[in-house]
């Protein structure tokens with residue numbers, strides 16, 4: 001065997017050993033890129049739908065395969081006058097019209113399109129009957145509102161109390177008082193949370209604190225306690241405190257008998273600075289001994305009596 005053949009074999013063996021055993025051999029970048037799992041499809045559960053004008057709609061897509069390496073998508077609207085979409089797929093609608101919302105994968109360039117018809121009427125206002133409420137401790141009262149327009153697609157309201165230790169509110173707007181104090185009750189449109197109304201609620205435990213009675217303009221002729229003349233009487237209460245069935249009983253101080261009884265209907269009251277007020281001039285044409293005036297009124301079915309000295 002020639003020495004040239006032996007040297008050639010040894011050289012090949014050394015080359016083979018070097019290539020096969022090197023720890024510093026560079027990694028093939030193509031193999032790393034190829035190991036990523038590309039997005040094959042981006043898909044909406046349904047491809048179209050209707051939306052309420054002035055509402056927020058959350059869209060979602062499904063990425064296939066489920067083990068794709070990069071599931072991020074880019075959201076876009078083709079008509080910003082009708083609706084916009086944020087990077088999380090939350091669509092905000094503004095006016096009547098049609099819009100296409102697209103979701104495109106970051107890798108693979110796969111795309112899905114959702115066609116939205118923005119035509120349903122949304123809530124534009126929550127009109128209150130009144131903005132403040134006085135609720136007797138232990139009582140319940142419904143907050144009365146009108147949802148505008150009447151033909152809105154979703155008229156449901158979301159109610160919330162700022163302090164549930166003072167009062168809670170049901171899904172129907174019924175307030176239950178739990179302890180004395182002030183609380184804010186908020187009503188939001190479910191379809192458009194930007195539409196809301198707040199109500200100031202005071203829970204109280206003493207009706208008489210809110211009823212004011214006054215006697216003024218006394219013009220009497222006095223003869224040993226027997227008087228003839230006239231005086232002016234006023235009664236007032238907050239407009240949202242439903243005081244009714246008011247009776248005035250003028251009594252003689254000697255016998256406590258009723259000299260005169262007068263019923264005052266609610267139609268005789270007027271509203272001023274948030275209060276219901278009634279005033280009247282009462283005349284004594286016959287002598288009465290140190291007379292007094294009883295004011296009887298009703299709140300929530302309970303009768304209250306207050307006595308005022310005239311003399």
Here region 37-182 gives, from Cα atoms, an Rg and Dmax in Å of 21.8, 66
What whole-number distance in Å separates the alpha-carbon centres of region 221-274 and region 160-193? 38
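Of the listed peptides 298-310, 44-56, what is their order by residue-averaged count of other C-beta atoms within 10 Å, with the highest listed first? Before the final figure, lay out the partial values.
Numbers: 298-310: 12.3, 44-56: 16.0.
Descending mean neighbour count gives 44-56, 298-310.
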So what's the back-of-envelope 222 nm ellipticity for the chain, counting only DSSP H runs of four-plus at -39500 (n - 2.57) apiece and dividing by all residues, rounded to 500? -2500 deg cm²/dmol
Of the listed values (1) 40.9, 162; (2) 25.3, 87; (3) 19.9, 59, identify the label whose number matches Rg and Dmax of the Cα atoms in Å calculated from this model. (1)
For the chain, the longest principal axis of the Cα atoms and the Cα long axis of helix 3-21 enclose an angle in degrees, to the nearest 10, of 0
What Kirkwood radius, in Å to one decimal, follows from the Cα pairs of region 115-271? 19.5
Rounded to a whole number, what is D in µm²/s for region 41-120 from Stokes-Einstein with the Kirkwood radius over alpha-carbon pairs (25 °C, 0.890 mPa s)? 194
Label point 7 Å out from residue 212 along Cα-to-Cβ: which residues of region 275-311 have amide N under 16 Å? 275-280
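Any chance you could run the full-extension gain for residue 275 through residue 41? It's 0.36 nm times the residue separation minus the Cα-Cα distance, nm to one decimal. Show your work: numbers first, answer last.
Working: separation 234, 0.36 × 234 = 84.24 nm, distance 6.67 nm.
Net length gain for the segment: 77.6 nm.
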Treat each spin label as a single point 7 Å out from the Cα along the C-beta direction, and report the residue 129 to residue 180 distance in nm. 2.7
Cut-off 15 Å, label 7 Å out along Cα→Cβ of residue 142, residues of region 177-218 by amide N: none
Subtracting the Cα-Cα distance from 0.36 nm times the residue separation, let me have the gained length for residue 223 to residue 150 in nm, one decimal. 19.5 nm
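Length gain on complete extension for the stretch residue 58 to residue 100, per 0.36 nm per residue less the alpha carbon to alpha carbon distance?
Working: separation 42, 0.36 × 42 = 15.12 nm, distance 1.41 nm.
Roughly 13.7 nm would be gained on extension.
Roughly what % antiparallel, to the nearest 5, for the DSSP beta bridges in region 125-205? Before the final figure, lay out each step's value.
Working: 23 of 28 bridges.
Counting only bridges with both partners in region 125-205, antiparallel ones make up about 80 percent.
Values quoted throughout were computed directly from the atomic coordinates according to the rules given, and no laboratory measurement underlies them. Source: prediction; values computed, not measured. Backbone-built Cβ (ideal geometry, glycine too); neighbour counts: all protein chains shown.
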